[in-house]
Amino acid sequence: MDRSQGQQPAQQQHAQQQPAQQQPVQQQPAQQQHAQQLATQTGPSSPLTPPNPLSGTPAELHSNPSHAIAAQERAITPADAHQRLMSNPEDFLRKFPIKMFGTGANRPSGVNGFAIVNRDPRPQEVSKRPSSIFGKHLLHDTESFDIKPASSLGPNDIRHQFEAHSIRMDVGAAAMNSYRLDASGPSIMVTGELSGCSIVMRPVEGGGVDIAHVQPRPTHIGQNGAPSTPAQTGQELHNELTQAHPDAIVYGASDTRGQYDSSDRRVSIIGVRTDGQWSLFAQKVNADDRRIRTTYQIFPSEKKL
């Protein structure tokens, strides 16, 4: 019997025993995975191509290449966010936490320049939104944004600029001044974030609204330096405005369904005009981590979104 027929060469045995080397799996960069996940959760991007953040146009300004790279890694650019907000405010405000910044108490209500920017969350904050099906029982990752006066931004801030009706915050019901939103001017209205304030709305003919933003009265100090009148609470202000303006819609710090609890909620109010009709929306977020709690349409009628 020939031994060579019963035994395999050593090299051949070694080749059969060793498993085939597997090709390494290429891993996607973490930023690309995050962007793909956000795109899946928040829906397809706008059919409109957002302006190139490197184009140098007034809408997307930058002077630091590292800022431009960071903006490109975002799932949604400021220009795309603004387009989504204007075309479908209900959907946008359900999905993307925003923080509103006013123009300050010294500037009257009127048309001003604003900008939307990607928000860099603070350490305690998370960009989360409720599930479309399970609501607050299941939260999804998302992007968050700031809307603030364009003049407050630096040259390195990637932004999309636009004009908006800006509503000043009046201190106390006695100082309340209404501003009319009608068919003229920009199709968007903004005001500072609510943390105890109330919004007073009166419908006007033709789809418009007279609107005011009122802050609770602060503590009044008497001539002897001692407090003579305690600070007004958000609930007290809401009650005062509701009684003083029975023909108006008052949205504020109240335990009434659809309103908000100013102890642990913050609210962004945005108005959008569509086909001549103004609609106002309230997005409620946690005061600490700023995750979205609920979003309501508050004018011309109330409904939870």
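The values are calculated or read from the model by the stated rules, or taken from the named source; none is laboratory data. Treat the numbers as computed from the prediction; the structure is a model and nothing was measured. Every residue, glycine among them, receives a Cβ derived from its backbone with ideal geometry; neighbour counts consider all protein chains shown.
Overview of results
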read-out	value
Yes/no for L241 being at pLDDT 95 or above, touching a helix residue (DSSP H, G or I) at 6+ places or on another chain (Cβ under 6 Å) and more than 17 Å from V190 (Cα to Cα)	yes
From the options S301, S279, residue that is over 21 Å from T233 (Cβ atoms) and assigned to a strand (DSSP E or B)	S279
Pairs with Cβ under 6 Å, 6+ apart, first in the stretch 145-173 and within 19 Å of A81 (Cα to Cα), second among the basic types (K, R)	F145/R119; D146/K99; D146/R119; L153/R159
Residue match in the stretch 94-112 (condition: assigned to a helix (DSSP H, G or I) and either touching a strand residue (DSSP E or B) at 6+ places or on another chain (Cβ under 9 Å) or modelled with pLDDT of 95 or more (or both))	yes
Scan of the stretch 180-230 for residues that are closer than 16 Å to H165 by Cβ and of a type in the set (S, T, N, Q), ordered by number	S184, S187, T191
Tally of residues being modelled with pLDDT of 95 or more and over 20 Å from A150 (Cβ atoms) across the stretch 67-90	4
Filter result for R202 (in a strand (DSSP E or B), closer than 21 Å to L237 by Cα and modelled with pLDDT of 95 or more)	yes
Those residues of the stretch 92-110 which are touching a residue at least 40 places away in the same chain (Cβ under 8 Å) and either among the hydroxyl-bearing types (S, T, Y) or surrounded by 15 or more Cβ atoms within 10 Å (Cβ to Cβ) (or both), in sequence order	L93, R94, K95, F96, P97, I98, K99, M100, F101, G102, T103, S109
Members of the stretch 161-177 found to be buried (at least 19 other Cβ atoms within 10 Å of the Cβ) and farther than 28 Å from F145 by Cβ, listed by number	A173
Pairs, first closer than 14 Å to G196 by Cβ and touching a residue at least 12 places away in the same chain (Cβ under 8 Å) in the stretch 237-259, second in a loop (DSSP other than H, G, I, E, B) and hydroxyl-bearing (S, T, Y), C-beta under 6 Å, six or more apart	H238/S254; A253/S262
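Residue-wise test of (1) farther than 24 Å from I147 by Cβ; (2) out of contact with any Asp or Glu (no Cβ under 8 Å at 6 or more places or on another chain); (3) of a type in the set (S, T, N, Q).
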position: T229; (1), (2), (3): yes, yes, yes
position: E236; (1), (2), (3): yes, yes, no
position: D247; (1), (2), (3): yes, yes, no
position: T256; (1), (2), (3): yes, yes, yes
position: S262; (1), (2), (3): no, yes, yes
